[in-house]
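Undergrad: Sharing a structure below in structure tokens format, with a few things to ask.
The values are calculated or read from the model by the stated rules, or taken from the named source; none is laboratory data. What you are looking at is a predicted structure, and each value in this text was computed from that prediction instead of being measured. Here Cβ is always computed from backbone atoms with ideal geometry, including for glycine, and neighbour counts include all displayed protein chains.
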There are 2 protein chains.
Amino acid sequence: MAKLPTGAPTLADVAERAGVSRQTVSNAVNNPDLLRPDTLARVQDAIEDLGYVPNRAARNLRTRASHLVGLRMNPAQEFTANAAMDRFTHSLVETSREAGYHVLLFSGEPQDPVAGYDDLLRSTAVDAFVVTDTYLGNPQAAWLRERRATFVAFGRPWDDPGATHPWVDVDGAAGTEIATRHLIERGHDRIAWIGWRKDSWIGEDRRAGWSRTLKAHGLSTTGMASRVEDTVHSGREASAVLLDEARPSAFVCASDTLAMGVLHTLAERGLHPGRDIAVVGFDDSQVAQVVQPGLTSVRQPLELVAVEVVKALEGLLGAPPVTNEGVMLTPTLAVRGSS
Amino acid sequence: MAKLPTGAPTLADVAERAGVSRQTVSNAVNNPDLLRPDTLARVQDAIEDLGYVPNRAARNLRTRASHLVGLRMNPAQEFTANAAMDRFTHSLVETSREAGYHVLLFSGEPQDPVAGYDDLLRSTAVDAFVVTDTYLGNPQAAWLRERRATFVAFGRPWDDPGATHPWVDVDGAAGTEIATRHLIERGHDRIAWIGWRKDSWIGEDRRAGWSRTLKAHGLSTTGMASRVEDTVHSGREASAVLLDEARPSAFVCASDTLAMGVLHTLAERGLHPGRDIAVVGFDDSQVAQVVQPGLTSVRQPLELVAVEVVKALEGLLGAPPVTNEGVMLTPTLAVRGSS
DNA sequence: TTGAAAGCGCTAACAC
DNA sequence: GTGTTAGCGCTTTCAA
């Protein structure tokens, strides 16, 4: 009582108070079933009284684990993609907590896909990484693998389908397929596509869902597709051209950003989304939710992605390590006024 | 060459290779100017050769510092506020890195403002916190202060103006004042306000900027204000009522969400934002940027907030600790088609 | 079931 | 300027 805690109480303080050795306190915390019930109770009381919490640094040093998962924030990606990543980050933090992990955020030169990883890895600051920027292929994956780093990718290994690291991804083609079928069921048979440039794997994937669904229904894709930059302006121009040349009654877009461009074109022409022309976006961003009359949009199940990522992480970090290779999740469609 | 590193190289490995003591290597890393140039060069070569990076856990244990800053993610706040927080988080990560800190994300029961802080604090997992949810008053601040925790608040101590902890905030009233003046300069003299319920300090602050500016210009605020929930629907209803009863030619809103509601009402009535009725939002969200014809909006300088927060953090964590009490930043106005 | 000894990798304090 | 000693708080042997 006399001794005011100089800093936080340590294992030794608890041991003294409970009249046991330090080791016994350690066991009480980490392997409680090793203790006799009455000893355990006594130690737990002492822990309670002193407000003892194990020092992380000491524990980390000893166990060579930090219970931290590194996540790199990409300074600025595509517009809606960024918002989606933030949503994923929220989910990841939540899910990680339940698994006893915290998320360490870091950043690095956007140019260098590997910046920031190295230091954290070598200084053993994190136990594992969650890699999210595989949209540009995944040099990080190969790089991390080479260094025997533990990681899970959100995003499949586009450029190397034979890669053996664990990943979780959302099936973009399935998403646009759902969107396209939704439109076909609504009676549309001239459904246009506005997507990204051909060098985007994700973009080509999403496009494939649209085209294969049209073909499966015996509908033509000829002249119905456009590949542009991911900006509102591009979506607007592309939709104007398509409306003039192909006369579609509906648009499926690779992003909400492009879909907003379509809505602009419709507004200019006095056409009403949902009534005259249907529009579907991708990512279910805030924009989709608040714009008039609501933008139907493909929604990635990012909460589930986080759950699967953490599950994979736990497998990798467990003893013995368990690797489950790839998990593909299916998106849903948030139907709103625009379709 | 023969000895493949069993795990990472340590200080001792470098010392041996460079033919110096461990302490000298430590100095080479942390106080290079203590060494003779040639010794330093030799040690640095060895570090380079071995790819040595100091082990964080060991360093943390010894120095009682983690170089980690804790940031709690609020599961779900008001709609646009969440996006703003994400933007702040990005800036904070970036700025922290430059100061040698990483950001540790955690979460906690939304109900309990103090959840999650305690464990990180006592386990010395973080050196400091950045507290962002002061919009509900700041029980955390008092709580953290009591526990002698180091922290900086983003958000002033609304419920306790005498609080002495460091904080950084954006002057919401100044923001709406800029917005209102902008409208007055554009020739508007009937400017309505749509804001939040009276129990929101932030909301009242933003409202004050509007009302004081009108008064300063001899314009009336009577019947021109509405206090509602922060939803698109509420903004829409409130603006409809105001249009009918007060005939404003412009709206200033406490959020982009409310402003979107106004845009919906205008669309319903065939009125054109910017041409017939001006609208200004708050937070410069993505929505403001992509909606037709662009929503003029007050933009918080979150990058600067992050810089000031980190500056304050560095002060607090320095030796000796330096406390600079409060920093107030002024927002800017992103002018777009709606005004 | 509990305790004693050793050491994770680093740096603060001091001696040389 | 450089080396030696000690110890941060914890957990992993292993012995009692």
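Undergrad: From the residues in region B:284-299 that are within 11 Å of chain A (Cβ to nearest Cβ) and under 11 Å from B:A334 (Cβ atoms), which one is farthest from the chain's Cα centre (by Cα)?
TA: For region B:284-299, the residue satisfying everything is B:G294.
Undergrad: Among (1) of a type in the set (S, T, N, Q); (2) closer than 15 Å to A:A15 by Cβ; (3) at pLDDT below 90, where does A:N31 come up short?
TA: (2)
Undergrad: Could you identify the single residue in B:G7, B:G51 that is modelled with pLDDT of 90 or more and small (G, A, S)?
TA: Going through B:G7, B:G51 in turn, just one is modelled with pLDDT of 90 or more and small (G, A, S): B:G51.
Undergrad: Considering every residue within region A:136-151, establish whether at least one is within 11 Å of chain B (Cβ to nearest Cβ), on the phi > 0 side of the Ramachandran plot, in a loop (DSSP other than H, G, I, E, B) and without any contact (Cβ under 8 Å) to a residue 12 or more places away in the chain.
TA: yes
Undergrad: Would you list the strands (runs of 3 or more DSSP E) that sit entirely within region B:153-266 and hold 3 or more residues that are under 28 Å from B:T323 (Cα atoms)?
TA: The qualifying strands (runs of 3 or more DSSP E) are B:167-170.
Undergrad: Would you call A:R64 charged (D, E, K, R) and under 30 Å from A:V25 (Cβ atoms)?
TA: yes
Undergrad: Working only within region A:259-277, note down all residues that are small (G, A, S) and under 32 Å from the mean Cα position of the chain (by Cα).
TA: A:A259, A:G261, A:G274
Undergrad: Let me ask another. Being without any contact (Cβ under 8 Å) to a residue 24 or more places away in the chain, of a type outside the set (S, T, N, Q) and in the same structural domain as B:A278 (by TED's automatic domain parsing) narrows it down to one residue among B:G162, B:G187; which is it?
TA: Of the residues listed, the single one that is without any contact (Cβ under 8 Å) to a residue 24 or more places away in the chain, of a type outside the set (S, T, N, Q) and in the same structural domain as B:A278 (by TED's automatic domain parsing) is B:G187.
Undergrad: I'd like to check which helices (runs of 4 or more DSSP H) are fully inside region A:4-121 and have at least 3 residues that are more than 12 Å from DNA strand D (Cβ to nearest atom).
TA: Filter on region A:4-121 gives A:37-50, A:79-98.
Undergrad: What are the residues in region B:282-339 that are over 19 Å from A:N82 (Cβ atoms) and in a strand (DSSP E or B), if any?
TA: Those that are over 19 Å from A:N82 (Cβ atoms) and in a strand (DSSP E or B): B:F282, B:T296, B:V298, B:G326, B:V327, B:M328, B:L329, B:T332, B:L333.
Undergrad: State whether one or more residues within region B:22-32 are at positive phi and within 13 Å of DNA strand C (Cβ to nearest atom).
TA: The answer is no, given that none of the residues of region B:22-32 is at positive phi and within 13 Å of DNA strand C (Cβ to nearest atom).
Undergrad: Which condition number does B:I191 fail, the rest of (1) touching a helix residue (DSSP H, G or I) at 6+ places or on another chain (Cβ under 9 Å); (2) over 28 Å from B:R156 (Cβ atoms) being met?
TA: Failing condition for B:I191: (2).
Undergrad: Out of A:S91, A:S107, A:S26, A:S96, report the one residue that is within 11 Å of chain B (Cβ to nearest Cβ) and more than 20 Å from B:A115 (Cα to Cα).
TA: A:S107
Undergrad: State whether one or more residues within region A:128-140 are at pLDDT 90 or above and over 27 Å from A:R206 (Cβ atoms).
TA: yes
Undergrad: What pairs come up if the first residue lies in region B:228-241 and is of a type in the set (S, T, Y) and at pLDDT 95 or above, the second is buried (at least 18 other Cβ atoms within 10 Å of the Cβ) and not in a helix (DSSP H, G or I), and their beta carbons are under 7 Å apart, counting only those six or more places apart or on different chains?
TA: B:S234/B:V228; B:S239/B:I194; B:S239/B:F251
Undergrad: Next question. Is region B:60-70 home to any residue that is away from DNA strand C (no atom under 16 Å from the Cβ), at pLDDT 90 or above and under 30 Å from B:L316 (Cβ atoms)?
TA: Looking through region B:60-70, at least one residue is away from DNA strand C (no atom under 16 Å from the Cβ), at pLDDT 90 or above and under 30 Å from B:L316 (Cβ atoms).
Undergrad: Show the residue pairs that are 6+ apart or on different chains and have beta-carbon atoms under 6 Å apart, the first residue being within region B:30-58 and within 14 Å of chain A (Cβ to nearest Cβ), the second being near DNA strand C (Cβ under 8 Å from one of its atoms) and charged (D, E, K, R).
TA: Short answer, once both residue conditions are applied: B:L50/B:D13.
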